[in-house]
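Quick notes on the structure that follows.
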Amino acid sequence: MPRQLSYRHALREAFDEELARDPMVVLMGEEVAQYNGAYKVTEGLWEKWGDKRIVDTPISEAGFIGMGVGASMLGVRPVMELMFWSFYTVAWDQIINNGGMVRYMSGGKIHCPIVVRGPANGGTGVGATHSHTPENIMAGFPGMKVVCPSTAYDAKGLMKTAIRDNDPVMFMESTALYGELWDVPSNDEIPGGELIIPFGVADIKRVGTDITLIAHGRAVITCLKAAEILEAEHGIHAEVVDIRTVRPLDEDTILDSVTKTHRAIYVEEGKPFCGVGAQIAYMIQNRVFDELDAPVQRVCSLDAPAIYSPPLEKIQIPYPEVIVAKALSIC
Amino acid sequence: MATLTAPSAKHADAPINQKLTPSDKVALHRQMVRIRAFEQLSIQHYQGGKMGGFLHLYIGQESVAVGTISLLGENDHVITAYRDHGHALASGMNMNECMAELFGKATGCSKGKGGSMHYFAPDKNYWGGHGIVAGQTPLGLGLAYGLKYQDKKGCALCYLGDGAVNQGAFHESLNLASLWNLPVIYIIENNGYSMGTSQRRSSAYKSCLAERAEGYNIDWEQFNGEDIYEVRARTQVAIERAHNESRPSVLEIATYRWEGHSVADANKMKYRTKEEVERYQAEHDPIQVWKRNLLQEGAATEAELKAIDKEAWKEAEDSAEFAKNSPYPTPESIFEDVYWEVDNKTESGSSGRHFFND
């Protein structure tokens, strides 16, 4: 029986291993220490590692994230939790202008090994202010890396890479996935002794021949459900490509898949305007136009601020049936 | 004829100033004169179309950067805002790299990627050069955090203008600095104007801006910045507090900028009078104040100080020649210094696409 871990436990294991490996790694954020994390991602770490390594901050995102950026310039490696990624708006200047730009503006004299992490998803009934999905926005800044794992396995492997990376990494999780279980081998089952997933390497989560569903984060899971329906009810074999990191982006895996299936849909929980899918749809038509048997399609959240009303919120975010309908429209 | 304000024997006699040898004192003068020559020459080249963007000049404020930075040791760090030429030169950056940066040349301190507001020299503990008002204040806090985390006895001097005290990031930084006992010293260089808006029109305060530190239980002081003796004596107290007690301070240092907010400040003679500017130039010029100290103490002669002026101008002119003769960055270099992992050709930098130009 392979070992199963929840998404949050997998992240916690990544933190624990990296805290042990590198004394410069510090976890900080609101309620991450004594409270054990608002979503219990950091549960038990303060007890194990103490005040120096696991730091409760005041509700002061611009202050503590800017502080983390400054500390990283001196060699500290802060992993900073936004209780919701939605709170990036109050730390915007520190994340973008300082974290994102200081390497360039200093002509490469400074680098900024920070991780800013937390859940970036809607669908939990918390309204527009707490439901932002800014992966397309953050990926719009050269200098940033954007990581959106869809499984516990990927979450662990990508988090370990994020902490070791010397560039600012925007790591976006999902509260809807924190409790989900996946196979995550323990280190003694892994050649090399630890789970590390490089950035810029997509993962084919399901092999298919008729259409490519491309996604990141929780939308990957939605695509897998849609693929099951497509196969069971329509005999359509969908391939599901999880890009895992938005920037850097593994274009080759996408293009190889589309070259095989000749049809593609990008699925994301973000909004359509200048979404991740817009960039990828452009890339597909630009590079493999002649391979396409239909225009590239997108399924995004419906283009309005996140609505509160629970039944409507459910249909604002991509769900399997809407992906199935979109697939049928081009198959 | 206008007279300079009187020196304070009290500050000249402070232990930290008693340690200064005559040649140390002359070196402080040389630093101020170099900064002024560099900036006065940069105006000429700005007006001659050799550089773009903004040019925020420090002329009139030199004693603050030179006095405070002269106190720093191996584990003490400096970070400032966009009026950064003085702090950069005082931290030991050379005129060539600074002038070339203004000209947008590859030999500039930031390879022509930062410009006037974004000078950096981490090897000299100088961390910029930041363009957004008060944006550097959490970074200064982070430098202090980094020092404390690594158990190093040091401090971070984080400079800001009087306009920056109204930004939220500064207040968040003060709270964290005090809460976590971080050795950061915020130095408000109060030149009276946040761009074209006077202090009275922009800030609410009781006695002064630094007093806001009181609410965060941070020690603070307000003093005059035109005499290096006073700047050094009173800043040293804060440095010792940071080194020995790991506690922050807020210092508000009164100073005056002779030029506009930037060279592009079209209204620089509208929000203040010509008489006000001339009075500061005649009575409160920090270079003249220090020169008088040197002459009165016999630390230098008129002839020696004239020679220093001349050397500084020669150095500035040479730096402009260096800048003029330097190449612009290559188009390929646009994509360098974006990602550490790409520049260093690591595995992480080699997988996936990082740049999206076609």
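The values are calculated or read from the model by the stated rules, or taken from the named source; none is laboratory data. Values in this document were obtained by computation on a predicted structure and should not be read as measured data. Heads up, the Cβs are rebuilt from the backbone with ideal geometry, glycines too, and the neighbour counts pull from every protein chain shown.
Condition first: among the acidic types (D, E) and under 15 Å from A:L19 (Cα atoms). Now tell me which residues in the range A:40-80 satisfy that. Please lay out each step first, then the result.
Just the residues of the range A:40-80 that are among the acidic types (D, E), to begin with: A:43, A:47, A:51, A:56, A:61.
Listed by number, the residues that qualify are A:E43, A:E47, A:D51.
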(request) Test each condition in (1) more than 14 Å from every other protein chain (Cβ to nearest Cβ); (2) at pLDDT 95 or above; (3) assigned to a loop (DSSP other than H, G, I, E, B) for B:L28 and report the one that comes out false. (result) (3)
(request) Kindly list the number of the only condition in (1) more than 10 Å from chain B (Cβ to nearest Cβ); (2) buried (at least 23 other Cβ atoms within 10 Å of the Cβ) that fails for A:P78. (result) (1)
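May I ask you to say which residue of A:Q297, A:Q316, A:Q285 is at negative phi and within 14 Å of chain B (Cβ to nearest Cβ)? Before the answer, list the steps.
On the way: A:Q297 fails: within 14 Å of chain B (Cβ to nearest Cβ); A:Q316 fails: within 14 Å of chain B (Cβ to nearest Cβ).
Only one candidate qualifies: A:Q285.
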(request) Output the number of residues of the range B:82-101 satisfying the condition of being aliphatic (A, V, I, L, M) and either surrounded by fewer than 24 Cβ atoms within 10 Å (Cβ to Cβ) or not in a helix (DSSP H, G or I) (or both). (result) 1
(request) Tell me, please, whether a residue that is of a type outside the set (A, V, I, L, M), within 14 Å of chain A (Cβ to nearest Cβ) and in contact (Cβ under 8 Å) with a residue 60 or more places away in the chain can be found in the range B:317-328. (result) yes
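Determine whether B:A88 is more than 10 Å from chain A (Cβ to nearest Cβ) and hydrophobic (A, V, I, L, M, F, W, C). Spell out how you get there, then give the answer.
On the way: more than 10 Å from chain A (Cβ to nearest Cβ): yes; hydrophobic (A, V, I, L, M, F, W, C): yes.
Criteria met by B:A88.
Every residue, every condition in (1) under 20 Å from A:P58 (Cβ atoms); (2) of a type outside the set (S, T, Y); (3) surrounded by fewer than 22 Cβ atoms within 10 Å (Cβ to Cβ), yes or no:
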site: B:G215; (1), (2), (3): yes, yes, yes
site: B:V231; (1), (2), (3): no, yes, no
site: B:T235; (1), (2), (3): no, no, no
site: B:N244; (1), (2), (3): no, yes, yes
site: B:P248; (1), (2), (3): yes, yes, no
(request) Enumerate the pairs (first residue in the range A:81-95 and away from chain B (no Cβ under 13 Å) and in contact (Cβ under 8 Å) with a residue 40 or more places away in the chain; second residue anywhere and among the charged types (D, E, K, R) and in a loop (DSSP other than H, G, I, E, B)) with beta-carbon separation below 8 Å, excluding pairs fewer than 6 apart on the same chain, so at least 6 apart or on different chains. (result) A:E81/A:E30; A:M83/A:E30; A:M83/A:E31
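Considering each of B:T137, B:T107 in turn, give the residue that is facing chain A (nearest Cβ under 8 Å), over 24 Å from B:W258 (Cβ atoms) and either in contact with a helix residue (DSSP H, G or I) (Cβ under 6 Å, 6 or more places away or on another chain) or in contact (Cβ under 8 Å) with a residue 60 or more places away in the chain (or both).
Numbers: B:T107 fails: facing chain A (nearest Cβ under 8 Å).
Result: B:T137 is the single residue among B:T137, B:T107 that is facing chain A (nearest Cβ under 8 Å), over 24 Å from B:W258 (Cβ atoms) and either in contact with a helix residue (DSSP H, G or I) (Cβ under 6 Å, 6 or more places away or on another chain) or in contact (Cβ under 8 Å) with a residue 60 or more places away in the chain (or both).
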(message) Any residue at all in the range B:283-294 that's part of a helix (DSSP H, G or I), more than 14 Å from chain A (Cβ to nearest Cβ) and free of Cβ contacts under 8 Å to residues at least 60 places away in the same chain?
(response) no
(message) So A:G143 passes all but one of these: (1) at positive phi; (2) away from chain B (no Cβ under 14 Å). Which condition number does it fail?
(response) (2)
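Which of the residues spanning the range A:189-212 are away from chain B (no Cβ under 14 Å), of a type outside the set (V, I, T) and out of contact with any Phe, Trp or Tyr (no Cβ under 8 Å at 6 or more places or on another chain)? Working first, answer last.
Of the range A:189-212, the ones away from chain B (no Cβ under 14 Å) are A:189-191, A:193-195, A:204-212.
Filter once more, so that each one left must be of a type outside the set (V, I, T): A:189, A:191, A:193-195, A:205-206, A:208, A:210.
Across the range A:189-212, the qualifying residues are A:E189, A:P191, A:G193, A:E194, A:K205, A:R206, A:G208, A:D210.
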(request) Please go through the range B:110-134 and pick out each residue that is facing chain A (nearest Cβ under 7 Å) and in a helix (DSSP H, G or I). (result) B:P122
(request) From B:S333, B:S351, grab the single residue that is in contact (Cβ under 8 Å) with a residue 24 or more places away in the chain, within 14 Å of another protein chain (Cβ to nearest Cβ) and among the hydroxyl-bearing types (S, T, Y). (result) B:S333
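Considering only the range A:25-35, state which residues are away from every other protein chain (no Cβ under 14 Å) and surrounded by 23 or more Cβ atoms within 10 Å (Cβ to Cβ).
Taking the range A:25-35 and keeping what is away from every other protein chain (no Cβ under 14 Å), we get A:31-32, A:34-35.
Residue satisfying the conditions is A:V32 alone.
Do you know which residues across the range A:215-254 are part of a helix (DSSP H, G or I) and either modelled with pLDDT under 95 or of a type in the set (A, V, I, L, M, F, W, C) (or both)?
Narrowing the range A:215-254 to residues part of a helix (DSSP H, G or I): A:218-234, A:251-254.
A:A219, A:V220, A:I221, A:C223, A:L224, A:A226, A:A227, A:I229, A:L230, A:A232, A:I254 - these are the residues of the range A:215-254 that are part of a helix (DSSP H, G or I) and either modelled with pLDDT under 95 or of a type in the set (A, V, I, L, M, F, W, C) (or both).
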(request) Out of the residues in the range A:36-75 that are out of contact with any strand residue (DSSP E or B) (no Cβ under 9 Å at 6 or more places or on another chain) and more than 14 Å from chain B (Cβ to nearest Cβ), state the one that is surrounded by the fewest Cβ atoms within 10 Å (Cβ to Cβ). (result) A:G44
